[in-house]
Amino acid sequence: DPGAYGGKEDSHVPNVAYERTGSGLRVTVSVSHEMNPEKPHYIMWIQLKDGVGNALGEKQFQASDEKAEAVFVLTSIPEKLVAFEKCNLHGLWKA
């Protein structure tokens, strides 16, 4: 529920893609959001958790980074994946 930020879903909800590897999963989480040091307006971090809330990884970003994308290599395959991102102006979003 985007609440007051309705209409911003396309640039804030994380996109999760994954592929099986020999020993687990390679998970790519991206957010099609501007990374603008002038305003500043940017994605602060991306986190990946399993379905019960265990942290699987986190990547921090700076406003000057080119894009907000994180790749996580998992050695086991959880039943569920949940991705979170934090925008410095529009808060926490998940997929």
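Readers should treat all values here as calculations from the given coordinates under stated rules, not as data from a laboratory. The structure presented is a predicted model; accordingly, all values stated were derived computationally and were not measured. For neighbour counting, all protein chains shown are included, and Cβ atoms are generated from backbone atoms with ideal geometry for every residue, glycine included.
Ignoring lysines fewer than eight residues from K49 along the same chain, the ones with Cα atoms less than 25 angstrom from its Cα are K8, K59, K67, K80, K86, K94.
In this simple spin-label approximation, I77 and A4 carry label points 7 Å from Cα along the Cα→Cβ vector, and these lie 4.3 nm apart. Once all Cα-Cα distances of the chain are split into 5 Å bins that start at 0, what whole-number percent is in each one? Cα pair-distance distribution for the chain, in percent: 3, 14, 25, 23, 17, 11, 5, 2, 0.
Backbone phi angles across the range 84-95, fed through the Karplus curve with coefficients 6.51, -1.76 and 1.60 (θ = phi - 60°), yield HN-Hα couplings of 10, 9, 10, 8, 5, 10, 10, x, 8, 9, 9, 8 Hz in residue order; Gly and Pro are listed as x.
Take the Cβ-Cβ distance between Y18 and Q62 as r, set R0 to 30 Å, and report the resulting FRET efficiency rounded to the nearest 0.05. With R0 = 30 Å, the Cβ-Cβ based efficiency is 0.70.
Is there a quick way to get the dipole size of the chain? I mean about its Cα centre, with the Cβ of Lys and Arg at +1 and of Asp and Glu at -1; what is the value in debye to the nearest 20? It would help to have the intermediate numbers written out before the result.
Values: 10 positive and 13 negative charges, 43 e Å.
It comes to approximately 200 debye.
Estimated from helices alone, the mean residue ellipticity of the chain at 222 nm is -500 deg cm²/dmol (sum of -39500 (n - 2.57) over DSSP H runs with n ≥ 4, per residue).
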